[in-house]
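Below: one structure, written as structure tokens.
What follows draws every value from the coordinates through simple rules; no lab data is involved. No experiment lies behind these values; they were computed from the predicted model shown. Heads up, the Cβs are rebuilt from the backbone with ideal geometry, glycines too, and the neighbour counts pull from every protein chain shown.
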Amino acid sequence: MSMLKRLALAFLVSCFSFHLISVPSLANSDDFLQCLREMVPGDLVYAQSSTNFTDVLVSSIKNPKFFTNTTVRPVCIVTPTNSWHVQAAVFCGRWHGVRLRVRSGGHDYEGLSYRSCRPEVFGVVDLVNLRSISVNQGDSTAWVDSGATIGELYYHIAKNNSQVAFPAGECPSIGVGGHFSGGGIGMLMRKYGLSVDKIVDAKLVTANGDLLDRAGMGEDLFWAIRGGGGGSFGIVLSWKIQLVRVPPTVTVFSIPKTLEEGAIEILTKWQYIGPSLPNDLSIRAKVQGQQAVFLAVYLGTCTSLVPMMDRLFPELNMTTADCRSMTWLESTALSYGSLAKTGTLEEVLLSRGSSLAYYTKIKSDYVDRPIASCSWKNIFSWFKKDGSGYIMLEPQGGFMRSVSAAATPYPHRKGVLYVIQYITFWQGDGGTAPTTWLANFYDFMGNYVSQNPRQAYVNFRDLDIGQNTVRNDVSTFESGQVWGQRYFLSNYRRLAAVKAAVDPTDYFRNEQSIPPLRQQLE
């Protein structure tokens, strides 16, 4: 951007900040595009008429059901390379009545970062070019841009020091921006907590175009962006994170157990053991077909792990032969898929490739009381049915118990045993079997999971549990409560109050964005 354009934008944004306006009821997409092209280099703006618009749109779409002829698509995609471009997009959008959605990695399970469920004129700010990672070895911190993936983050923080890590998720192509915005569960959460528990600063463009850090935004907004879900409060450009220590060698294992080998009894015991193991050990369980697979990462050596498992979880019959020793960085790639099948460490962690091979639908639950073995027999019967998928059980406990439910928007802390992710997938015209199976199985599981409300994880976004109703051009607080209390429990009201303070006209919104509370009380 030229100096003249920078000065013009600085003047406009400063004026705009003092005179916060409502989004006009009628969007003017042509004027919006013209405004963008005057403020942002043309090669960073892709209108629907651009020859490569579709390529850019599909570049990080992970689910083909959100890439059809009936999908409501953005009028344009902006790929900023600096904060000025983002501020310009917000200014142009506000001035011409075009809302913005933000995409970092494209993993939003409902595709709300790049599509709308209803007819709407909107643009997308795709942060793919904002992916810088700067590590400060001196104080074990790093600044990471929202457009980076967690695989890129893992790789860059550990490549010069294998004993430095960060707690985040298992899939390396997830965008940092969306992952952090929803909390960030992962294999290190029992030891170090969620991603948001280790975020110490951030840089955010607000709905009135201001660029703020933690000191500028204040503690309420800083609290809200660390787990309150993406797409509600502004555009977070980068995050300052506190890195954590890991040993030079970690140990992983993957142990499958069929029903004949005692899968039900072992899984029943796992519910008690998994959340109460020493914090250095996390054991997930995957249930698919008629077996359960127990997948572990231990921050230590096999020599110490085997006697620990003999003492605490003998039912699994884990031995030295099950151990695989490696660096923590290698374990992050292995937890996603076999290196032998998917390529080198760099290929696994640094790939941003998109795939439209599989349609998916995902739901979630939290479990706060163990499920009886007789009930697990009934649960396993569901995995014989037509269209069945699988479930992934991730244990909490450990560090998670020490953090209050109100410390961050993510409230599922003390008392939670594990989170369930339900996953079904199909190729091409898979019919209704997979989604019917998932819906019916989810209803069945309501007897065994948290209740009043039945809790869910915002990063496993699920529009089945509710969508916002827009009245007088603002999402209503009451409609948001239907899904918001399930994601955030009592923190939902505080999130809505923050929204009212920083975005009262509801500029940043989608079908499950936080509505402004104040609008409903006036």
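Numbers at a glance
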| item | result |
| --- | --- |
| Separation between Cα centres of the range 23-80 and the range 245-293, rounded to whole Å | 44 |
| Backbone HN-Hα couplings from phi across the range 163-171 [Karplus 6.51/-1.76/1.60, Hz, Gly and Pro as x] | 9, 10, 8, 8, x, 7, x, 9, 8 |
| In Hz, Karplus ³J(HN,Hα) per residue of the range 209-217 (6.51, -1.76, 1.60; θ = phi - 60°; x = Gly, Pro) | x, 6, 9, 10, 9, 4, 4, x, 7 |
| Ala439/Met308 FRET efficiency (R0 41 Å; Cβ-Cβ; nearest 0.05) | 0.55 |
| DSSP beta bridges in the chain [antiparallel fraction, %, rounded to 5] | 90 |
| Where only C-alpha atoms are counted, convex hull volume of the chain per residue in Å³ | 145 |
| Amide H contacts under 5 Å for Tyr418, placed H, 5+ residues apart | Val367, Gln396 |
| Relative packing of peptides 320-332, 220-232 - highest average C-beta neighbours within 10 Å first | 220-232, 320-332 |
| Amide proton proximity set for Val125, modelled H, under 5 Å, gap of 5+ | Val78, Arg101, Val102, Arg103 |
| Counting all C-alpha pairs of the range 338-467, share separated by more than 18 Å (%) | 63 |
| Cleavage-rule hits, GluC sites (Glu not before Pro), the range 228-310, DSSP coil, Cβ neighbours within 10 Å at most 15 | Glu260, Glu261 |
